[in-house]
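The structure appears right after this line, and notes come after that.
Bear in mind these aren't lab numbers, they're just calculated from the coordinates by the rules spelled out. Everything numeric in this text was worked out from a predicted model, so none of it was measured. Glycine gets a Cβ as well: all are built from the backbone with ideal geometry, and neighbour counts include every protein chain shown.
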Amino acid sequence: MGKRGRPTRSVIRQNLIEILHFMGEAYGYQLYKAYREIFAPVTLRVIYYHLAKGKSIGEFEVAGVKKTSGSYSWGPEAERVFYKLGPKAKTNNVAEVKAFLDKK
């Protein structure tokens, strides 16, 4: 008898794993911009959802948090959470991702 319940795999999360595999570390908005150029359009909200979900199941880890100052609509500084691949991330080495990131 197989596993019960909904499978935890996701196409969007797997694509984020592929992007992070070649980038090393990145914050959410960087991943969002790269994802939209390589794959189908998604919302920023769904990227952050999959980063949080991937963090909870061990596919992503927080590499660090950096505060940047500037003139933002919500105040004088922003917090960037940098992500890296976790121990449970499995990459497929997608050629389009490598080609896109090498081009940039």
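Within 10 Å of each residue's Cβ, count the other Cβ atoms and sort Y48, Y27, Y35 from fewest upward.
Y48, Y27, Y35
With a 10 Å radius around each residue's Cβ, average the other Cβ atoms per peptide and rank 7-15, 49-57, highest first.
Packing order, densest peptide first, comes out as 49-57, 7-15.
Straight-line reach from K66: which lysines fall under 30 Å, measuring Cα to Cα and dropping same-chain residues less than 8 apart?
K33, K53, K55, K84, K88, K90, K98, K103, K104
Can you show me the helix-derived [θ] at 222 nm for the chain, built from DSSP H runs with n ≥ 4 at -39,500 (n - 2.57) apiece and divided by the number of residues, rounded to the nearest 500.
-13500 deg cm²/dmol
How big is the dipole moment of the chain about its Cα centre under a simple scheme where the beta carbon of each Lys and Arg is +1, that of each Asp and Glu is -1, and everything else is neutral? Debye, nearest 20, please.
The calculated dipole for the chain is roughly 440 debye.
In the chain, what is the volume of the convex hull around the alpha carbon atoms, normalised per residue and reported in Å³? Please list the in-between numbers first.
Values: hull volume 13.5 nm³, N = 104.
Convex hull volume per residue, Cα atoms: 129 Å³.
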